[in-house]
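Trainee: Once you've had a glance at the structure underneath, I'll fire off some questions.
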Amino acid sequence: MTSRATPAVGAPPRLLPLDVRTHTFSNGLLLACVAEHRVPSVDIEIVVRAGAALDDPPHAGRAAMVAEMLDEGTTSRTVLQIADEIDFLGAHLAISAGWDSTVIGLHVTSERLTPALEVMADVILHPSFPPAEFERKKREKLSALLQERAEARLVANKVLMQGVFGAEHPYGAPVGGTTASVTALQLADVRAFYQAHFQPANTFAVVVGAVNFTALALQLEELFGAWRGHRIARRPMPPAPAVETARVLLVDKPGAAQAEIRIGHGAPGRDTEDYFSLLVLNTMLGGSFTSRLNLRLREQMAVTYGASSKFNLRVHGGMFWAGSAVDSDAAADSVAVVLHEMKRLRAEPIDVAEMRRAGQYLAYGLPRHFETTEDIAAHLREQLLYGLSDDYWWRFVDRILAVTPAEVSAAAARHLQPEHAVAAIVADRNVIADDLQNRDLGAVILTEIQT
Amino acid sequence: MIQIPFEQYQLANGLRVILSPEPRTPVVAVNLWYKVGSRNERPGRTGFAHLFEHMMFQGSSHVPDTAHFAYIEKAGGSLNGSTWLDRTNYYETVPAHYLELALWLESDRMAYLLPAMTQEKLDNQRDVVKNERRWRVDNQPYGDWDERLQMMMYPPEHPYHHSVIGSMEDLDAASLQDVETFFRTYYAPNNAVLTICGDYDGAHVKALVEQYFAEIPAGPAIPPIPGALEVAPVLGEEKRVVVEQDISLPRTFLAFRVPPYGDERFYAADVAATILGTGKASLLHRTLVLKNQTAQDVAAYAFPIVVGAAILVVLATAAETVEAERVEADLLSALDALRTVSDDDVTRAVNLIAAKHLTELQRVDQRADAFSMMTTLFDDPARVNTEIDRYRAVNTADVRAFANEFLGADNRGVLTYIPQSAS
C-alpha cells in the first residue's frame, strides 16, 4: 500500500531576474520593456502619475472621469470608432484611475501591435472630451451611484472611508466620487486635470511581450515623441484626521440578510520601512484562508463565508481595513473578534510557526504572480510607480523570509490601532443595535446611506 | 492555430489523466473534475453537491481536520473548488516542487474522506454555505436572478430547474448519511478527470500519479442524471416574472432556450451573445447605453451547459428615470436586429472570442481547467486546441438563422426587478 505520510519537498526554484531594458525619451517619457517571446502577445501599460489622491472632496471622481472620457472620443475618432478598431484587432483596451495613477492598458497579439498602439496613442494624446459623451457619462455615473446604495458591501466600504478620513480629506470619498461631487463636476474640471497632469515627464510606459526593444522604442518615439509638456510639482497630502476613540457607524438596511462589517484606520505610505513586516503581519491577521480572522469567523464560529484584512498603502499614506459579511445577530461579536485579534497581535509575542506560514505563503507564491505578460507588466508598473529598486522583485522572496517576529511585533505596535479604529456596519438595525450598545465597542452613531 | 501539447491516458480504476507541460514559470496546476453537479441532486436535496464540495476541504484520513488549506498556503500555493450544474472541480496551483503535495491531498480525499467525516464538520460547513447564500444571493440586489431564470426556463422535472446554491430548507435537511451516499456514488476515480499542467518533471510525473491514485478502487457505475432530461428546443411561450426588491433601478433579464453546449449551434449562440454584449461597440451597448441612453449597463451570456438545452441571457439595468417597459422594448428591438446582423458584427465578435480564448490559456490553472472540462464533457482534450476553430466556423448566415429560430417571442423568459413600491 502506498505510504500516506505527508510527502517531503525539495528546495524551491528561484525566480530568475527578468531582463528589463529602459529608455527615457527627450520629453521625459520613460519606457521599461521586457521582451518575452514565448507567447505571441504584448501587454502595454502607459501610466500617468496622477489619480484620485489629487481630487479634493468637492472634486471627488474627477480623475476617474478623465479616465472614462479618454476613449469617448479623440480629435479623429468617435467613441464607436475607437471601440470598433480595438475590437476588430481582438485587442483589449482598459483605462482606469486609482489613487496614485491612471493606467491605460492594452493587451494585443504581437502581430497586431502597430495598429493597436496607434489607437492607444490617440486616446492618450488627443482626447477631445465631447460634451455630449461627458453628459452621458455623468448620468451613467450618477445612476451607478444610485444603484450602489442598494449594495450593502459597497455602502459599508464608503462609510468606512469617510469615517476614517472625514469629509475634508481626499481619501474620505471613493475614487469614483459621490453623488454630490459628480453632479457638480464640470467638463472644464476634467479638461484641466488632463492638461495639468497628463505630461510626458509624469508618465511611464511598461511593455512586456513579444517585442523587439529597439523597434519598439522607435515606434513609441514616432507616436509620442512630439508630446511636449512640463514637469509637475509634487503636492503634499494632508494628514489623516486623528481618531480619538473608537466608534461605530451604523447604517440601517431594513430586512438585510446579513451584516456587512468593516473596521479601519489610517496607514503609512508605500515607502514605509515596515513594508515587508506589514505584509507578513496582514497575512497572519486576514490575508489568507488560514489567517486568524478567516479561521475564527468562518471555520470556527461559522458566521461568515469569509473574512479578510488589508493594508492599502499609497504614495502618500493609506488605509487599513478588515471586513466580513456576517450573520446579523453576530455583528457585534464579529467586530469584537476583529478588534481582539488586532490587540493580540500587538500584545502577545509573535508565534514563529504562524509567522513562517505567512511568510512562505507570500514568498513561495511569488512565481504564480509572474505567469503572464499582464502579470509581469503589473509588477513592473508597481516598481516604477512607487520608486522601488530595480532588483525589488528578485529580492522579494529573501526579504519576506528574513522578517523576524520582533519586526512583526514592532509593525503591529506602530501600525495597528484598535483603540483608534472606526467600525462601519450596514445591517438591519432592529436585529443588531442593542447588541452593539452593550459591547463597549465605542460610541454607536446612526448614519444615513450616502453614495 | 493553437497547439498546446498534452498527453492523455487512463488508470485501470478509470481515472483519466491529462498531462500538459509548461516550463515557462516554475509552477504547476493540479485540477480535478468530478462529473457531478447540481443536476445530480435529488428532490429535497438541492444545494447538496455544493455543500459536499465544502466537506472535501475538511480533512481526510491522513490529512488533519483544518490542514488542507494550511498545507497549500504554507507551500505558497492557491486553491479552491467550485460547483456548477454539470460538474464539481477542485484545483490548486503550487510551486513546481510541491506537485507531490497536491497529488497527495487530492488522492487522500478521493480515497479516504469518509473516515474523517463528522456531524460537527457537516453542521459547521452548512452554516458557512448558508452564509455564502446570504452573501451572494439574499443580500445582493438582483441576487437570485439565476435561480429564477433556471426555474422559468426548465420544467420542474428537469435537473437544471433548481439552483446550484440550493434552498435553506434543503441545506438544513442534509444529513451525514447523505454525505456518505453521495461520496460513494460520485467521488470515484472512474468519475473523475485529473489534469496536471505546468512545470512538472516529465520523467517522474506518471509514477507519482500511479503512486497516489492507482490504489483507489473504481466505484460503482454512475447512476443516470435524475429527472426528465429532454426538453423541447424552444419554450413554446413567453413567461414573465416580476420581482420587487429594495433597489433603485429596474433590471430586466431575457432568457432563451438554446442548443446545449457541444451542439454545433451553441457556437452561434455564443457568438450572438458576444455580438450583443461584449465591448462598447456591441449591439446592446451602442444602442441602449450610447444611443438611446435608456440603459445603465448591459450584458449577454450563453451558459455552457450540456443537458437538454442551454440558455442565453441578456440583461440591462435601466438608466435613472427610465421605466422597465422601455428597457424591455429596447432589448427586444436589439434582439430583432440580430436577425439581419452584419458581417462586421460577426467578425468583431469572433475576433473578441479568439483573443479571450488565447489570453485565458496563458495561465496554467485556466489551461488545466480547460483540459479537464473538454475531457469530462466530451472525452476530447484536444478540443482545448480546436475549440476556437468551431467559433471561427460561425458565419453571418449561422447567426441570423440562430436568431430567427431561437430569439423569438415563443422562446423567452422575462424576469424584471423593480423597486419596492413605497408602503
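Quick note: the coordinates plus some simple rules give every number you see, no bench work behind them. If you're wondering where the values come from, they're calculated on a predicted model, not measured in any experiment. Neighbour counts run over all protein chains shown; Cβ positions are idealised from the backbone, glycine included.
Trainee: Would you mind checking which residues have amide H under 5 Å from B:Gly198's amide H? H placed 1.01 Å from N; only 5 or more apart, or other chain.
Mentor: B:Ser20, B:Glu22, B:Ala29
Trainee: Same structure again: Using a simple spin-label model with points 7 Å from Cα along the Cα→Cβ vector, what separation in nm is obtained for B:Glu320 and A:Gln81?
Mentor: 3.2
Trainee: In what sequence do A:Met65, A:Met237 fall when counting other Cβ within 10 Å, fewest first?
Mentor: Placing the least packed residue first, the sequence is A:Met237, A:Met65.
Trainee: Considering the alpha-carbon set of region B:17-71 alone, what are its Rg and its Dmax in angstrom?
Mentor: My reading of the Cα-based Rg and Dmax gives 15.7, 48 Å.
Trainee: Also: Taking 22 Å as R0, compute the FRET efficiency from the Cβ-Cβ separation of A:Arg14 and B:Asp201 and round it to 0.05.
Mentor: Efficiency computed from Cβ-Cβ geometry: 0.85.
Trainee: If you build the convex hull over the alpha carbons only and average its shadow over all orientations, what do you get for the protein assembly as shown? Give it in nm² to one decimal.
Mentor: Its Cα hull, projected and averaged over all orientations, spans 34.0 nm².
Trainee: From the backbone phi of region A:25-30, what are the Karplus-calculated ³J(HN,Hα) couplings (6.51 cos²θ - 1.76 cosθ + 1.60, θ = phi - 60°) in whole Hz, Gly and Pro given as x?
Mentor: So the J values, rounded to whole Hz, are 6, 5, 8, x, 5, 9.
Trainee: As I understand it, the dipole of chain B uses +1 on the Cβ of Lys and Arg and -1 on the Cβ of Asp and Glu, about the Cα centre. Which of B:Val399, B:Trp84, B:Tyr301 lies farthest toward its positive end?
Mentor: Result: B:Val399.
Trainee: While we're looking at this one, here's another question. Kindly state, as a whole number, the per residue volume in cubic angstrom of the convex hull around the alpha carbon atoms of region B:146-206.
Mentor: So the per-residue hull volume is 180 Å³.
Trainee: Moving on to the next point. Could you give the length gained on full extension between A:Leu30 and A:Ala94, defined as 0.36 nm per residue of separation minus the Cα-Cα distance, in nm?
Mentor: Length difference between fully extended and current span is 21.0 nm.
Trainee: Using the number of other C-beta atoms within 10 angstrom as an exposure proxy, rank A:Ser76, A:Ser324 with the fewest first.
Mentor: Exposure proxy ranking, most exposed first: A:Ser76, A:Ser324.
Trainee: What are the extents of the Cα atoms of region B:193-286 along their three principal axes, listed from largest to smallest and rounded to whole Å?
Mentor: 56, 38, 37
Trainee: Using only Cα atoms, tell me the angle between helix A:392-401 and the longest principal axis of chain A; keep it within 0 to 90° and round to the nearest 10.
Mentor: 10
Trainee: With the Cα gyration tensor of region A:1-88 in hand, convert its eigenvalues to equivalent ellipsoid semi-axes via √(5λ) and list them largest first in whole Å.
Mentor: Value: 42, 22, 20 Å, ordered largest first.
Trainee: State the volume of the convex hull built on the alpha-carbon positions of region B:49-144, expressed per residue in Å³ and rounded to an integer.
Mentor: Roughly 115 Å³ of hull volume per residue.
Trainee: Note down the magnitude of the dipole of region B:40-107 about its Cα centre, charges +1 on Lys and Arg C-beta and -1 on Asp and Glu C-beta and zero elsewhere, to the nearest 20 debye.
Mentor: The calculation lands at about 180 debye.
Trainee: Which cross-chain or sequence-distant (5 or more) residues have an amide H under 5 Å from the amide H of B:Ile2, H modelled 1.01 Å from N in plane?
Mentor: Close amide H contacts, sequence-distant or interchain: none at all.
Trainee: Send over the Kirkwood Rh of chain B, from the inverse of the averaged 1/r over different Cα pairs, rounded to one decimal Å.
Mentor: Averaging 1/r across every pair of different Cα atoms and inverting gives 22.9 Å.
Trainee: May I pose another question? Taking R0 as 51 Å, what's the FRET efficiency between A:Met237 and B:Ile4 from their Cβ-Cβ distance, rounded to 0.05?
Mentor: 0.60
Trainee: A further question on this structure: How many nm separate the modelled label positions at A:Gln437 and B:Thr118, each set 7 Å beyond the Cα in the direction of the Cβ?
Mentor: It works out to 4.0 nm between the two label points.
Trainee: How high is the relative contact order of region A:70-130, in percent, with contacts defined as C-alpha pairs under 8 Å that are six or more residues apart?
Mentor: Once normalised by length, the contact order is 45 percent.
Trainee: Could you pull the Rg and Dmax for region A:173-238, using just the Cα atoms, both in Å?
Mentor: When restricted to Cα atoms, region A:173-238 yields Rg and Dmax of 17.0, 48 Å.
Trainee: Tell me, in nm to one decimal, what length is gained between B:Ala228 and B:Ser61 on full extension, where the rule is 0.36 nm per residue of separation less the Cα-Cα distance?
Mentor: 56.3 nm
Trainee: Treating cross-link reach as a plain straight distance, find the aspartates and glutamates whose alpha-carbon is under 12 Å from the alpha-carbon of B:Lys206, omitting any fewer than eight places away in the same chain.
Mentor: Excluding near neighbours in sequence, the set is B:Glu7, B:Glu100.
Trainee: To continue, here is another question. Please find the FRET efficiency linking B:Asn395 to A:Glu222, where r is the Cβ-Cβ separation and R0 is fixed at 41 Å, and quote it to the nearest 0.05.
Mentor: E between B:Asn395 and A:Glu222, to the nearest 0.05, is 0.60.
Trainee: What is the set of long-range amide H partners of B:Val231 at a cut-off below 5 Å, with H atoms built 1.01 Å from backbone N?
Mentor: For B:Val231, no residues qualify.
Trainee: How many nm is it between the label spots at B:Ser342 and B:Glu157, if each spot is 7 Å from the Cα in line with the beta carbon?
Mentor: Once both label points are built, they end up 4.8 nm from each other.
Trainee: Under unit Cβ charges (Lys, Arg +1; Asp, Glu -1), what dipole magnitude, rounded to 20 debye, does region A:242-281 have relative to its Cα centre?
Mentor: Dipole size: approximately 220 debye.
Trainee: Determine the equivalent ellipsoid of region B:290-384 by diagonalising the alpha-carbon gyration tensor, then write out the semi-axes as square roots of 5 times the eigenvalues, largest first, rounded to whole Å.
Mentor: Whole-Å semi-axes of the equivalent ellipsoid: 33, 16, 15.
Trainee: Further question: Just report the Cα centroid separation between region A:150-189 and region B:80-105, whole Å.
Mentor: Cα centroid to Cα centroid, the span is 40 Å.
Trainee: Please list, in order along region A:113-120, the HN-Hα scalar couplings obtained from phi with the Karplus expression 6.51 cos²θ - 1.76 cosθ + 1.60 (θ = phi - 60°), rounded to whole Hz, x for Gly and Pro.
Mentor: Here the 3J(HN,Hα) series is 4, 4, x, 5, 4, 4, 5, 4 Hz.
Trainee: Also, I was wondering about something else. Among the listed pairs A:Lys138/A:Lys310; A:Lys137/B:Lys291; A:Lys158/A:Lys253; B:Lys35/B:Lys356; A:Lys141/B:Lys291, which have their C-alpha atoms separated by more than 21 angstrom in this model?
Mentor: A:Lys138/A:Lys310; B:Lys35/B:Lys356
Trainee: Return the sequence-ordered ³J(HN,Hα) values of region A:303-317 in whole Hz as given by the Karplus equation 6.51 cos²θ - 1.76 cosθ + 1.60 applied to θ = phi - 60°, using x for Gly and Pro.
Mentor: In residue order, the calculated couplings are 9, 8, 7, x, 9, 8, 8, 7, 9, 9, 9, 10, 4, 10, x Hz.
Trainee: Suppose we take every Cα in region B:90-222 and form the convex hull; what volume per residue is that in Å³?
Mentor: So the per-residue Cα hull volume is 166 Å³.
Trainee: Right, next: For q values of 0.07, 0.11 Å⁻¹, compute log₁₀ I(q)/I(0) with the Debye formula on a Cα-only model of chain A, without solvent.
Mentor: With no solvent term, the Cα-only Debye profile gives -0.41, -0.99.
Trainee: In debye, nearest 20, what is the charge dipole magnitude of the protein assembly as shown about its Cα centre with +1 on Lys and Arg Cβ and -1 on Asp and Glu Cβ, if you could check?
Mentor: It works out to roughly 1160 debye.
Trainee: If you look at just the Cα atoms of region A:261-383, how large are its Rg and its Dmax in Å?
Mentor: Considering region A:261-383 through its Cα atoms, Rg and Dmax are 15.5, 46 Å.
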